[in-house]
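Step one of this worksheet: look at the structure below.
The values are calculated or read from the model by the stated rules, or taken from the named source; none is laboratory data. Being a predicted model, the structure only gives us computed values, none of them experimental. No Cβ is skipped: glycine too gets one built from the backbone with ideal geometry, and neighbour counts run over all protein chains shown.
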């Protein structure tokens, strides 16, 4: 079975631009979470979606938004990019149950110049 | 609140040495605990997990025991290989919506 897939793998943007990252969860998983991993740090939670509804949001500004589609894939949008948004963006999928394993994709590496 | 603290790296070992990476946590309720591994340029791979006190997670020679009394989940391996070189993350989840809290990661370098 295919794991979590993300696209694109790499992206270069300039300050002020907007970016959309995409994620397809493992087949059968209904929950998708997004994390930001800045170089040298652990991943930080951005959003979780379950059955197309936002179920949790981390401490990120409103420039960050996301949505989940009927096929459970998801998009993360970031507006008005800042240099500090440069990071690896990880998508994780799971069944949606409490305290259960999340499975991570390879990530999208975003560089903001 | 929930948080995870890991020992700082990098940790440098010779092949076949014994590995310990310390992890302690703060959590409300009864979290599940995880170790993930990240190889250069890749995402996170689940290494092992434990869901209740005194459980031992194990995989590929790595082990970690969920210690509620010391709020710890230390990662151990008896004999490391060069291929184990990576960054290791300790994590917990305990919220209803399964948000994960990660430590800052520990880089392991294994020399032949």
- residue A:42 fails exactly one of the following numbered conditions: (1) in contact (Cβ under 8 Å) with a residue 24 or more places away in the chain; (2) in contact with a strand residue (DSSP E or B) (Cβ under 6 Å, 6 or more places away or on another chain); (3) closer than 19 Å to residue B:104 by Cα. What is the number of that condition? (1)
- Could you run through region B:42-68 and say how many residues are in a strand (DSSP E or B) and either farther than 15 Å from residue B:90 by Cα or more than 9 Å from chain A (Cβ to nearest Cβ) (or both)? 12
- Message: Just to be sure before I move on: is residue A:32 touching a helix residue (DSSP H, G or I) at 6+ places or on another chain (Cβ under 8 Å) and crowded, with 21+ Cβ neighbours inside 10 Å in the structure I sent?
- Response: no
- Which one of A:71, A:59, A:77 is exposed (fewer than 14 other Cβ atoms within 10 Å of the Cβ), away from chain B (no Cβ under 14 Å) and either over 13 Å from the mean Cα position of the chain (by Cα) or at pLDDT below 95 (or both)? A:71
- Message: Looking at residue A:65 and the list (1) under 12 Å from the mean Cα position of the chain (by Cα); (2) closer than 22 Å to residue B:44 by Cα, which single condition is not satisfied?
- Response: (2)
- Task: Could you grab me the full set of residues in region B:10-34 that are on the phi < 0 side of the Ramachandran plot and within 10 Å of chain A (Cβ to nearest Cβ)?
- Result: B:30, B:31, B:32, B:33, B:34
- Query: Identify, please: which residue in region B:74-112 is more than 14 Å from chain A (Cβ to nearest Cβ) and in a loop (DSSP other than H, G, I, E, B) and is, among those, surrounded by the most Cβ atoms within 10 Å (Cβ to Cβ)?
  - Reply: B:80
- Task: Looking only at region B:34-41, decide whether some residue is in a loop (DSSP other than H, G, I, E, B), touching a strand residue (DSSP E or B) at 6+ places or on another chain (Cβ under 7 Å) and closer than 20 Å to residue A:104 by Cα.
- Result: yes
- Select from region A:80-110 the residues that are more than 14 Å from chain B (Cβ to nearest Cβ), surrounded by fewer than 16 Cβ atoms within 10 Å (Cβ to Cβ) and within 25 Å of residue B:38 (Cα to Cα) and list them in ascending order. A:83, A:84
- Scope region A:19-29; condition within 12 Å of another protein chain (Cβ to nearest Cβ) and surrounded by 21 or more Cβ atoms within 10 Å (Cβ to Cβ); matching residues: A:23
